[in-house]
1. Relative to the first principal axis of the alpha-carbon coordinates of the chain, what is the inclination of helix 115-128, with its axis defined by its Cα atoms, in degrees from 0 to 90 and to the nearest 10?
2. Taking square-rooted eigenvalues a ≥ b ≥ c of the alpha carbon gyration tensor, is the chain rounded, prolate or oblate, where a/c under 1.5 means rounded and, failing that, a/b exceeding b/c means prolate?
3. Return the distance in nm (one decimal) between the two label points of a simple spin-label model at residue 106 and residue 73, each offset 7 Å from Cα along Cα→Cβ.
4. Note the angle between two axes, namely the Cα long axis of helix 13-40 and the longest principal axis of the Cα atoms of the chain, as a number of degrees from 0 to 90, rounded to the nearest 10.
5. Identify, among 95, 84, 51, the residue whose Cα sits farthest towards the positive end of the charge dipole of the stretch 44-128, taking +1 on the Cβ of Lys and Arg and -1 on the Cβ of Asp and Glu, with the dipole about the Cα centre.
6. Going highest first, how would you order 104-112, 26-34 by mean Cβ packing within 10 Å?
Amino acid sequence: MSSPYSHLTTPGPWTYGLALAAVLLLAVAVALVFLQRRRANRLFPRFNALWNRNAEPFCPRCRTALSDFQRRTSWKFESSGNRTVRKPVSYSAFQCRKCRWKVRLVDEDGFELTLETARRRLFEASEES
């Protein structure tokens, strides 16, 4: 004599379909979360640096967040007659903490930008699109 609950212990054909649907639903949910995080962390190039959606600059070489935007000094070499003359110049730039690369903010025409101007232009460009 069979038990009245034997139909509950043997899986029917619908059980496998339900399990497959649950696995597919879980895979789609994980993929959506992954794509959303990847989109949020996307960097785009502008003004010789990489920027995120919050207008925070990143190093174009190693993708490290940039800080320490300040005035820096260097030398420019010019030929004067038959001599080469060394002249001091100053410029504004970030210095990457990881790779020590100096990143200047420069617009499309080659003019130097301040950090505030670059951020303002980024926000203006995002409002237009």
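1. Result, in degrees: 50.
2. Because a/c hits 1.5 or more and a/b exceeds b/c, the chain counts as prolate.
3. In this crude label model, residue 106 to residue 73 measures out at 2.3 nm.
4. Here the helix axis deviates by roughly 10 degrees.
5. My answer, from the dipole projection, is 84.
6. Sorting 104-112, 26-34 by mean packing, highest first, produces 104-112, 26-34.
Laboratory data are not the source of any read-out in this text; all were calculated from the coordinates shown. Remember, predicted model here, so these are calculated numbers, not experimental data. A quick note on method: Cβ atoms are made from the backbone with ideal geometry, for glycine too, and the neighbour counts reach across all protein chains shown.
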